[in-house]
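Data block below; observations after.
Any read-out appearing in this document is the output of simple, stated calculations on the displayed coordinates, not a laboratory observation. On a predicted model such as this, the values are computed, not experimentally measured, just so you know. Cβ placement follows ideal geometry from the backbone for every residue including glycine, while neighbour counts extend to all protein chains displayed.
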Amino acid sequence: MNFERKPHAVKIPETVVSGSFRKHMEKIGEAIENFEKAGIKVLSPTTKEILDPNEEFVLLATDDPSTPPPQARNEFHARDTQG
């Protein structure tokens, strides 16, 4: 018998960081960095750069600025629940 060895697929852990970006962006950024250092892929947010810190709803540099805030929030939560 000839058994062919196949490499085992190793799934990289993934997470989404959620919270009040307005109130806690510094801590969220630290959490993202800590997850990445631990080898965990952060699906969202992929940046902590805020486009306009004076706006009520925080849009990040990776967000589409033409997307209305409620839709952007819904898209974020949709990514959060995928899996």
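Taking 7 Å steps out from each Cα toward its Cβ at T62 and E14 produces label points 1.2 nm apart. Note on K41: aspartates and glutamates with a C-alpha under 17 Å away, same-chain residues under 8 apart excluded, are E14, E30, E33, D80.
Can you tell me which of 42-49, 26-33 comes out highest on packing, and rank the rest after it, using the mean Cβ neighbours within 10 Å? Walk me through the numbers before you get to the answer.
On the way: 42-49: 16.1, 26-33: 14.2.
In decreasing order of mean packing, 42-49, 26-33 become 42-49, 26-33.
Filter the chymotrypsin sites (Phe, Trp or Tyr not before Pro) in region 1-55 to those in DSSP coil with at most 15 other Cβ atoms within 10 Å of their Cβ, and list the result. Kindly include the intermediate steps, with their values, before the conclusion.
Values: sites: F3, F21, F35; in loops: F3.
Of the chymotrypsin sites (Phe, Trp or Tyr not before Pro), the ones in loops of region 1-55 whose Cβ has at most 15 other Cβ atoms within 10 Å are F3.
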